Amino acid sequence: MDHGSPTIDNVFGIGWLDFNLSNIIMTFVASLIVFIIAVIGSRNLQRKPTGFQNFMEWIVDFVKGMISSTMDWKTGRRFLPLGLTLLMYIFIANILGIMFMVVYDGELWWKSPTADPGVTLTLAVMVVALTHYYGVRLKGTKGYIKEFFSPIPILFPLKIIEEFANTLTLGMRLYGNIYAGEVLLTLLVGFMATGAMETVAGVIPALLWQGFKLFISGIQAFIFVMLTMVYMSHKVSEDH
């Protein structure tokens, strides 16, 4: 991958603050696609769903099943919009770089935004922060803090380490899988560009890898949402 990323350095004169324009654009594109899908899926709702509404209701039931497997539905139903948003956004973001990538003037503009650790770790931090917020909201500040010292106070340092570990693994797992897929796809495309015979020989592996990466994109979106609900259940359920 002999290309860089389009960045704006030293934003507002701050030496360490850089903006990756590719991440910003692709995050916006993924968000826009999810918004359009949600609008189309919720427009002209019917009691007997057909077509795209039927597909959207299947996704809703799928997310409801994930939530119900980690906590009681009375508590977990408030997290249905979160689960739906994460599942759709992460899947769309994962597949944006499958079909093609756009490199202009040596800089990569079109890719999967989740192939950047800054994006995936930001998602992970937001998710973990939400688990703390809802933990305090549902249990109260005193009751929530007490959870960190139970069943024995000596476990408190380990539980703090666990919070950082959960954040890191949640973000890096998603990044690693999507980034590795794009690297291999780039290598296949580079091999195909070296000659006519290489192009013919590389078509089938490239198509197979794109299909496999589509599967991986769905699996990684599922894992991210499932782990989000598992972490959330640990914070809001009374039996944890």
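The values are calculated or read from the model by the stated rules, or taken from the named source; none is laboratory data. Predicted model, so just to flag it, every value in this text is computed and none were measured. Neighbour counts are summed over all protein chains in view; Cβ atoms, including those assigned to glycine, are modelled from backbone coordinates with ideal geometry. These area figures cover heavy atoms from the full protein model, side chains too; ligands, DNA and RNA do not enter into them. Shrake-Rupley method; radii C 1.70, N 1.55, O 1.52, S 1.80 Å.
Data table
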item	result
Residues with amide H under 5 Å from that of residue 110, placed H, sequence gap 5 or more	102
Only Lys, Arg (+1) and Asp, Glu (-1) charged, at Cβ; segment 1-160 dipole about Cα centre in debye	1260 debye
Protection proxy ranking of 118-128, 162-172, 82-92 - average other beta-carbon atoms within 10 Å, highest first	82-92, 118-128, 162-172
Cross-link table 74/159; 74/111; 48/213, entries beyond 30 Å C-alpha to C-alpha	74/111; 48/213
Equivalent ellipsoid semi-axes, segment 25-152, via Cα gyration tensor eigenvalues times 5, rooted, Å	32, 25, 10
Computed accessible area, residue 173, all protein chains, 1.4 angstrom probe, square angstrom	90 Å²
Point-to-point label distance, residue 8-residue 57, nm (Cα→Cβ direction, 7 Å offset)	4.5 nm
